Amino acid sequence: MLLIEPTFESIGGMAKTTADLAALIAVILEASEILRNVPDTLPTTWDGIPLGFVDPTKWQLPKELLTSGEDYNLQVVVSEVRDSVNAYLSTLISSPMKSLEDIIQFNKEKPEPQAGIDQKYLIQCQENNMSPDIANEARMAMRKVVGEDGIDKVLNEFGLDVIISPMDSPISTVAALAGYPSATVPLGYLEPSGRPIGFCLVAKANEEGELLSVMSTYEATMPSRRLPPRLIQGN
C-alpha cells in the first residue's frame, strides 16, 4: 500500500454496517504499536455519549489558524512525498517508473493524458531539500496547533467524546493534520445532483472505539440510508 503522505494517511476501512466495520478495524489495529480499544458490544442508544455539533455556517476556523495549518501542512507534505513515492516504486518488479523524477519526466514527454494538470506540486516535492529536523519541527508544531490546542481543547473543555460536523466542511482535514481518527456516516444526498452527503465524526488520538460507538448508535436510531438516484437507476 502506498502512503504518499504518511503523516496524514493511514489504513482505514469501509463497510455496510458498523459491526462489520468494527471487525475490520480490530484486525487493522492488531498491527498498531499503541493499544486501542474496539468495543466488544456496540451501543444502540445515545445514553452516556456526549457529542458536540459544529455548524459550519456559524463557526469558521480563524484566519491565523488556517494560515498556520496550511504552512505546516505544505512543509510536511513536501518533505515526505518524494521519499514515499521512491520507496514504493522501488518495490515494483516490472514498472518502468522507478522514482518521482521518472514520473515527472514521463509527464513532460507525454503530456496528453495529463492535459490541464499542473506538475508544480510534484516538481516542488522532487526539488525539496528540507532537512529532516526542520520537517519534524513543522510536523510537531502542526500537531500541537490542531491537536492539543485544537481538537483536544474543545473536547476537554466541553466534556465531549466526539465532534460531529457536515462532511462539506474542513473538519476532516483538521483531523488528518492532527493525526486523529475520523469516520463518516451517511445523511442522504443533495438534489438535484444526487451527490451523497454525510457527517464526519472526529475523536481524540487512538479513540477509534468512541467513533464506532457513535456510528453504531447512529445506525440504530436514524432512518435507513437513502440511496442516490443514480445508484438506484444503475447509471
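The values are calculated or read from the model by the stated rules, or taken from the named source; none is laboratory data. What you see is a predicted model, and the numbers here were worked out from it, not measured in a lab. No Cβ is skipped: glycine too gets one built from the backbone with ideal geometry, and neighbour counts run over all protein chains shown.
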Is it true that some residue in the stretch 215-235 is of a type in the set (D, E, K, R), in contact with a Pro (Cβ under 7 Å, 6 or more places away or on another chain) and under 24 Å from residue 36 (Cα atoms)? no
Do we have any residue at all in the stretch 172-188 that's surrounded by fewer than 12 Cβ atoms within 10 Å (Cβ to Cβ), in contact (Cβ under 8 Å) with a residue 40 or more places away in the chain and out of contact with any Gly (no Cβ under 8 Å at 6 or more places or on another chain)? no
Taking residue 232 as meeting all but one of (1) within 15 Å of residue 16 (Cβ to Cβ); (2) over 24 Å from the mean Cα position of the chain (by Cα), write down the number of the exception. (1)
Across (1) part of a strand (DSSP E or B); (2) under 21 Å from residue 34 (Cβ atoms); (3) of a type outside the set (S, T, N, Q); (4) out of contact with any Leu (no Cβ under 7 Å at 6 or more places or on another chain), residue 187 clears everything bar (2)
For residue 116, indicate whether it is modelled with pLDDT under 85 and on the phi > 0 side of the Ramachandran plot. yes
Among the residues of the stretch 220-229, is any closer than 25 Å to residue 25 by Cβ and at pLDDT 95 or above? yes
List the pairs whose first member sits in the stretch 34-48 and is under 13 Å from residue 208 (Cα atoms), whose second member is hydroxyl-bearing (Ser, Thr, Tyr) and surrounded by 13 or more Cβ atoms within 10 Å (Cβ to Cβ), and whose Cβ atoms are under 7 Å apart, counting only residues at least 6 apart or on separate chains? 39/213; 42/18; 42/213; 42/216
Residues being out of contact with any helix residue (DSSP H, G or I) (no Cβ under 9 Å at 6 or more places or on another chain), among the hydrophobic types (A, V, I, L, M, F, W, C) and exposed (fewer than 14 other Cβ atoms within 10 Å of the Cβ) - total across the stretch 92-124: 3
Hey, any hits in the stretch 135-148 for a residue that's within 30 Å of residue 232 (Cα to Cα), outside any loop (DSSP other than H, G, I, E, B) and of a type outside the set (Lys, Arg)? no
At pLDDT below 90 and surrounded by fewer than 12 Cβ atoms within 10 Å (Cβ to Cβ): which single residue out of 127, 64, 80 fits that description? 64
Those residues that are outside any helix (DSSP H, G or I), of a type in the set (A, V, I, L, M, F, W, C) and surrounded by 18 or more Cβ atoms within 10 Å (Cβ to Cβ), I need them from the stretch 200-235; list them, please. 200, 201, 202, 203
Could you please let me know if residue 85 is under 30 Å from residue 52 (Cα atoms) and at pLDDT 85 or above? no
